[in-house]
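The values are calculated or read from the model by the stated rules, or taken from the named source; none is laboratory data. These numbers were taken from a predicted model, which means no experiment stands behind them. Here the Cβ positions follow ideal geometry from the backbone for every residue, glycine too, while neighbour counts run over all protein chains shown.
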Amino acid sequence: MIFYFSGTGNSRWIAEQIAKRIGDKTYDIAKSSTIPEINNEKQIGLIFPIYAWGAPEPMIKFAEKLKKTDAFTFGICTCGAEAGNALKKFSKIYNLDSSYSIIMPSNYIIGEDIEKENIISKKIETARKDLEIISNEIMQRKKVYRVNEGNLSTLKSTVINKAFNKFARTTKPFYVDKEKCNGCGICAKNCPTSTITLVDGKPIWNEKCYQCLRCINYCPQIAIQYGKATEKRGRYTIEKYLQDKNTL
């Protein structure tokens, strides 16, 4: 079984592509509070995005509760470039036989604009090739550590990641353009922390936030902003760039 957490689709797509290739099934940890029975699973996969060179909080909490079995275990993280020591730290929570990082398009429009379309397409096509290799290695039960940690990986995955989780996950800069917002409620429905509620048909944010950025990137009206900088930036969801949309 392949467990995944995904913000704007990258890790979900990776999970589903791996599952298709190795004949497994996927499980979105954000959609259920219960953990399925895994005693008879041949392999356990955990797939998630990198947030500030670390694993996202919901995947960490899920892994802490996940039963340890004799199944082959693998972890795959998606990142814009570097993963730091995220998978080494994660493996201390739930031991991984194999670990991989896959470079995917960035969705962190809080920090910078989305990448150019040709760069996004190239990243996705390169990921497809990586997926073939990774899938074969999983089926062969190869123990692999192929993670692009980058420079200063320990510093990034400790000090910077800790600062991100403590200070950067604030919801205060979120706001909605009330003239653009049509009250569709997609943001509230998709929020993995259920921190968004609609008041008079418009979203408001409570305090808890993973910074997955589903709300801002999936808003069909481009009505949600995070500070003034995002007003001039694009939006990213993987569906916009896939030729095989029917696989999602």
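Numbers at a glance
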read-out: Of all residues in the range 29-50 being over 18 Å from Ile134 (Cβ atoms) and touching a helix residue (DSSP H, G or I) at 6+ places or on another chain (Cβ under 7 Å), the one that is surrounded by the fewest Cβ atoms within 10 Å (Cβ to Cβ); value: Ile35
read-out: Members of the range 58-90 that are part of a helix (DSSP H, G or I) and either under 21 Å from Leu131 (Cβ atoms) or in contact with a helix residue (DSSP H, G or I) (Cβ under 7 Å, 6 or more places away or on another chain) (or both); value: Pro58, Met59, Ile60, Phe62, Ala63, Glu64, Ala86, Leu87, Lys89, Phe90
read-out: Single condition Ile133 does not satisfy, out of (1) closer than 23 Å to Cys212 by Cα; (2) β-branched (Val, Ile, Thr); (3) free of Cβ contacts under 8 Å to residues at least 24 places away in the same chain; value: (1)
read-out: Residue list for the range 53-73, filter: within 19 Å of Ser153 (Cβ to Cβ) and surrounded by fewer than 20 Cβ atoms within 10 Å (Cβ to Cβ); value: Ile60
read-out: Subset of the range 144-184 that is closer than 15 Å to Trp205 by Cβ and basic (Lys, Arg) - its residue that is farthest from the chain's Cα centre (by Cα); value: Lys178
read-out: Residue match in the range 209-222 (condition: over 30 Å from Lys20 (Cβ atoms), more than 20 Å from the chain's Cα centre (by Cα) and not assigned by TED's automatic domain parsing to the domain that holds Ser32); value: yes
read-out: Close pairs from the range 74-94: first at positive phi, partner surrounded by fewer than 23 Cβ atoms within 10 Å (Cβ to Cβ) and among the basic types (Lys, Arg), Cβ under 6 Å, at least 6 apart; value: Gly84/Lys156
read-out: Positions within the range 10-28 being assigned to a loop (DSSP other than H, G, I, E, B) and either within 17 Å of the chain's Cα centre (by Cα) or surrounded by fewer than 18 Cβ atoms within 10 Å (Cβ to Cβ) (or both), in sequence order; value: Gly23, Lys25
read-out: For Gly7: the one exception among (1) modelled with pLDDT under 95; (2) crowded, with 23+ Cβ neighbours inside 10 Å; value: (1)
read-out: Residue pairs meeting the criteria (Cβ under 9 Å; at least 6 apart or on separate chains; first outside the structural domain of Glu57 (by TED's automatic domain parsing) and among the β-branched types (Val, Ile, Thr), in the range 181-206; second exposed (fewer than 15 other Cβ atoms within 10 Å of the Cβ) and assigned to a helix (DSSP H, G or I)); value: Ile196/Lys189
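Okay, residues lined up against (1) in contact with an Asp or Glu (Cβ under 8 Å, 6 or more places away or on another chain); (2) on the phi > 0 side of the Ramachandran plot; (3) surrounded by 13 or more Cβ atoms within 10 Å (Cβ to Cβ):
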| site | (1), (2), (3) |
| --- | --- |
| Ser194 | no, yes, no |
| Val199 | no, no, no |
| Tyr210 | yes, no, yes |
| Tyr218 | no, no, yes |
| Ala223 | yes, no, yes |
